[in-house]
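Next up is a structure, given as structure tokens.
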Amino acid sequence: MHLDKIIHQIKQHIPIIEHEFKQFTDLLTEVTLKKNEVWEKAGIVSRKMGFVNKGMLRQYYLKDGTEFTDCFYSENEFIGNHISYLSKVPSETAIVALEPCELLVMSFDAQEKLANSFPNAAKFNKIIGDQKLFELKTRTTSLLMDSAEERYYKLMEQRPDLFNRLPQYLIAQYLGIRPESLSRIRKKHLS
């Protein structure tokens, strides 16, 4: 099991205590996904979280046959619909692999047991939860307050990797604009 990346992420926030980390890693399962393979379907209560060791995934809503991209997850990021798990309400989103992926996966139940047993695990869960809440608030504010061009430039600044790894229609979907609008913004940016 490849643990280097997750160890690095954890060490940025809390000290790693050997016996606690051993219990944590014993609960992890390595999962590989092929391109376009679904990691989590919409319409079911989310039960698992993951850490992306390799690859990229997309979280999206589907309404009347149209997809709305909510989030991209790539290396060194945690994924999972914690709100669905906590509320026991089926997820409105699906998560699919955009590239071949390697994930480290754990159930939310196991994560909660760890947090109840070890203060460092609880602290880490809170840090990651707060980070996800901040990302959600930032995205929502940007969609409501920023112009399409401002959203484009922010994405270029914050996630330049997406522009080399994703088709333009997915970037447009994420920005909440049509592909033609993205082409105009890109053309303006390049001139």
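Can you name every residue in segment 128-152 that is farther than 16 Å from Glu77 by Cα and of a type in the set (Lys, Arg)?
Within segment 128-152, Lys137, Arg139, Arg151 qualify.
May I pose another question? If we keep just the residues of segment 60-81 that are more than 16 Å from the chain's Cα centre (by Cα) and of a type in the set (D, E, K, R), which is surrounded by the fewest Cβ atoms within 10 Å (Cβ to Cβ)?
Asp64
Evaluate the following for Ser84: is it buried (at least 17 other Cβ atoms within 10 Å of the Cβ) and not hydrophobic (A, V, I, L, M, F, W, C)?
Here the answer is yes, as Ser84 does meet what is asked.
Which one is modelled with the highest pLDDT among residues in segment 20-46 that are within 10 Å of Val105 (Cβ to Cβ) and part of a loop (DSSP other than H, G, I, E, B)?
Residues of segment 20-46 within 10 Å of Val105 (Cβ to Cβ): 27-31, 39.
Then keep just the ones that are part of a loop (DSSP other than H, G, I, E, B); that gives 27-28.
On the way: Leu27: 93, Leu28: 96.
Checked segment 20-46; the qualifying residue modelled with the highest pLDDT is Leu28.
Output the residues belonging to segment 40-78 that are among the polar types (S, T, N, Q) and on the phi > 0 side of the Ramachandran plot. Steps first, answer last, please.
Within segment 40-78, the first condition is being among the polar types (S, T, N, Q), and the residues that meet it are 46, 53, 59, 66, 69, 74, 76.
Scanning segment 40-78 gives a single hit, Asn76.
Tally the residues that are surrounded by 15 or more Cβ atoms within 10 Å (Cβ to Cβ), within 16 Å of the chain's Cα centre (by Cα) and of a type in the set (A, V, I, L, M), restricting the search to segment 122-174.
Going through segment 122-174 one residue at a time, the tally reaches 6.
Looking at segment 52-59, is at least one residue over 19 Å from Asn120 (Cβ atoms), exposed (fewer than 12 other Cβ atoms within 10 Å of the Cβ) and touching a residue at least 24 places away in the same chain (Cβ under 8 Å)?
Checking segment 52-59: not a single residue is over 19 Å from Asn120 (Cβ atoms), exposed (fewer than 12 other Cβ atoms within 10 Å of the Cβ) and touching a residue at least 24 places away in the same chain (Cβ under 8 Å).
Got a sec? Which of Thr93, Thr138 is touching a Phe, Trp or Tyr at 6+ places or on another chain (Cβ under 9 Å) and over 21 Å from His8 (Cα atoms)? Working first, answer last.
Numbers: Thr138 fails: touching a Phe, Trp or Tyr at 6+ places or on another chain (Cβ under 9 Å).
Unique residue meeting the criteria: Thr93.
Taking segment 75-128 on its own, how many of its residues are assigned to a helix (DSSP H, G or I), closer than 18 Å to Ala42 by Cα and touching a residue at least 60 places away in the same chain (Cβ under 8 Å)?
As a first pass, look at segment 75-128 and keep what is assigned to a helix (DSSP H, G or I): 82-87, 108-117, 119-128.
Those still in the list that are closer than 18 Å to Ala42 by Cα too: 82-87, 108.
Now restrict to residues that are touching a residue at least 60 places away in the same chain (Cβ under 8 Å): 108.
Number of matching residues: 1.
The values are calculated or read from the model by the stated rules, or taken from the named source; none is laboratory data. All values reported here derive from a predicted model rather than from experimental measurement. Neighbour counts run over all protein chains shown; Cβ positions are idealised from the backbone, glycine included.
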